[in-house]
1. Dividing the alpha-carbon radius of gyration of region A:223-353 by 2.2 N^0.38 Å (N being the number of residues), what value is obtained?
2. Run the paramagnetic zone check for B:L342: 7 angstrom along Cα to Cβ, then residues of region B:134-174 with backbone nitrogen under 16 Å.
3. In region A:21-70, which residues give up 30 Å² or more of accessible area once the other protein chains are added, compared with their chain alone (1.4 Å probe)?
4. Between the label point of B:R330 and that of the same position in each other copy, find the distances and list them shortest first in nm, with every label point placed 7 Å from Cα along the Cα-to-C-beta direction.
5. Which entries of A:K89/A:K328; B:K89/B:K215; A:K215/A:K328 show an alpha-carbon separation above 32 angstrom in the structure shown?
6. What is the angle, in °, between the Cα long axis of helix A:264-276 and the longest principal axis of the Cα atoms in chain A? Nearest 10 is fine, range 0 to 90.
7. Determine which lysines satisfy two conditions relative to A:K286: a Cα distance under 20 Å, and not lying fewer than 8 residues away in the same chain.
8. Using only the alpha-carbon atoms of the protein assembly as shown as identical scatterers, what base-10 log of I(q)/I(0) does the Debye formula give at q = 0.07 Å⁻¹?
There are 2 protein chains.
Amino acid sequence: MPKGSGAGGERPRLRTMEELSVAIGVSRPTLSRYFQDPDSVSRSSRERIARGLERVEYVPNFFATRMNRKSTGMIGVIIPYLNDLFFTKLQQSIEFAAMEAGFTVIVQCSHTTPEVEARAVETLISMNVDGAIVAPLGDNSDIAAMERLNRRLPFVLVDSRPGALSHVDYIGTEHSQSMGLMTEYLARVGDPPVFLAMPRVNFNALNHERAYLEKMEELGLEPQVVGTEEIEPGAHYEAHGELALGREFAEGRLTDRSIICVNDRVAIGALRAAARFGLDPGARRKGGLRIAGHDDYPLCPFLVPSLTTVGQDVDAIGQAAVARLMKKIRAENSLTDHAVTLFPGVLKLRESA
Amino acid sequence: MPKGSGAGGERPRLRTMEELSVAIGVSRPTLSRYFQDPDSVSRSSRERIARGLERVEYVPNFFATRMNRKSTGMIGVIIPYLNDLFFTKLQQSIEFAAMEAGFTVIVQCSHTTPEVEARAVETLISMNVDGAIVAPLGDNSDIAAMERLNRRLPFVLVDSRPGALSHVDYIGTEHSQSMGLMTEYLARVGDPPVFLAMPRVNFNALNHERAYLEKMEELGLEPQVVGTEEIEPGAHYEAHGELALGREFAEGRLTDRSIICVNDRVAIGALRAAARFGLDPGARRKGGLRIAGHDDYPLCPFLVPSLTTVGQDVDAIGQAAVARLMKKIRAENSLTDHAVTLFPGVLKLRESA
DNA sequence: GAACGAAATTTACGCAGGTAAAGAGTTAGC
DNA sequence: GCTAACTCTTTACCTGCGTAAATTTCGTTC
């Protein structure tokens, strides 16, 4: 028997609003209105209900309340995977923004597989969510499922946008700008940077690579890309970074170059590879090995050396996505403009480059 | 207009099973049975329905289907925060296990605040989930809410268990064993280890500290705990580790000791502090600074130096939690035994200690 | 004190489907 | 060829609550 749990612990449990109405002595519809907005009933009823609720244990049935209502007060979110602090941070800012707007968030994870993603879409549709925010699996996403989502309810893409969905609202980072920023910075201070890529499973990987190539051309420099081939199937991003760069180092290449990694997780692996070879990224700003990432993964400041990177404004993205979705929800279908909001990346200069 | 989305993109959309039944020419109840289990209708009906579904767009209403059914096929999960790969990994293994068992998972995050957690509990109850798995806020959790959950439906705690809920099923790591293991290892190879704690907001922090103290006493060694006071309000665990240990180093203390951190995130900060003071944890196994953590955070192998830690079997915990929950769900209330499953931690020896 | 309104409450029906019991169709046995 | 025994389908009612329309209540005014 736990102590201190006595207060109201054994109140009679009522299953339906009907039971509650006889217990309190107010009609069921009045209760219904009370639960939707306590101020919609008279003060006397309100107080009477409130007192009654203290004596019993009752919670309205979530499904029944949502059934016959125009709005379910829920928005759906789909993220591609869980083992990445970038997406969990995005999820968090979406949840806070939605909570503030009075919405319940239903999160589904597609676990990097299009089939699970498509199933998640069906689940959200069948739940009658008022709108959906999806961080897709890049070009791996089930485009037909996304199209269905887009036809059926307010829908916003975040983080990346498959080429086939260019007509859908999108909130994200201006990758060409952000990657260009880093490319330019590294080029300005040292040798032309080398791009450490990863197998094209990641959704913004190609965008980042493209942005790098463009900027290099603009600067009149010779681009160099390494690490595109898969080294170990199913390896974490970090492992890929370590293996790919380690392979270069092992053959004596790139040990004094500027490495611009496709993202921070790969960069973490790159730092590890450098350490394994006794290299100290960023020790010499000019002429020595430098390593930079992209995303501003929350751990970057704590790495050794701390990682120079480009920060994405995840909070802004999450808030803007929710704001846009709310606007679409309120506007029903009268909103015909097609919004793309891109936030610029900002350089986070730290020790590694 | 996107290309390649034509296949069935414009099929007539039916909102209700009633409409579908007239469109296909089968009675609604037959459809109902089909959607719950296609094998529960005759082969002819099954094929006829399947063919019909290809011609139209219809997805059953999630709420309506769950309303009048004994089981909703959903389990609820509550995790304390999102910005931690340990919990997301736990969530992932729970989701996979539940998916395999044919259940839909509803995840709610309590964002470290008891009020949000209590609200999440209400949401899960009102959704009639078949059971719930909760990683609580330690002793900060709303005990009354947890008690209510425990009375109303199959319920399993994971990761940590508030003292007041000792009568609830619990799946976790055997913290006294795992922390003892590390304490013993460090003590065996060098000076008596020092415990780097954190403000008591974290749920297993106290368990770990207690386990350390017990083991030290058992070994006949003098315990030493640092870092219990809050240095910077709201700081990340990593920041706390860096600040707390950095403060010691700045005054010339602990620079050649074995530091056992309350968890890996704090250890990451500790590694950073060491680097800032030009120290190289683990370089000398005997006599020099060593730093160890707890949890086997996914990034540990990639840190510089890689972090020696104690691994929790997160997958096993997630799977066991789901398995136990399934058993309770199937057993209704006939299950009276009270289960506690603890998985041992395993030493992960790496470079830092 | 009766009539009038505005506000609050109740009545009555609907939502989208689940499910037990009744009905229809099919096969097997004689 | 007919009935018994099943299987499958349909009928009919139910789930828990939202909500528009109808009714009641209560305070005000004349």
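The values are calculated or read from the model by the stated rules, or taken from the named source; none is laboratory data. Since this is a predicted model, take the numbers as computed values, not measurements. Here the Cβ is made from the backbone with ideal geometry for all residues, glycine too, and neighbour counts use every protein chain on show. Each accessible area value is taken on the protein alone, full model and side chains, heavy atoms only, with ligands, DNA and RNA left out. Shrake-Rupley method; radii C 1.70, N 1.55, O 1.52, S 1.80 Å.
1. Values: Rg = 18.7 Å, N = 131, 2.2 N^0.38 = 14.0 Å.
After normalising by residue count via 2.2 N^0.38 Å, the value is 1.34.
2. Counting only backbone N, you get B:157-174.
3. A:E57, A:V59, A:N61, A:F62, A:F63, A:M67
4. Distances to the matching label points in the other copies: 5.0 nm.
5. Numbers: A:K89/A:K328 24 Å; B:K89/B:K215 29 Å; A:K215/A:K328 36 Å.
As for pairs spanning more than 32 Å Cα to Cα, those are A:K215/A:K328.
6. So the inclination is approximately 40 degrees.
7. A:K348
8. Taken in order of the listed q values, log10 I(q)/I(0) reads -0.54.
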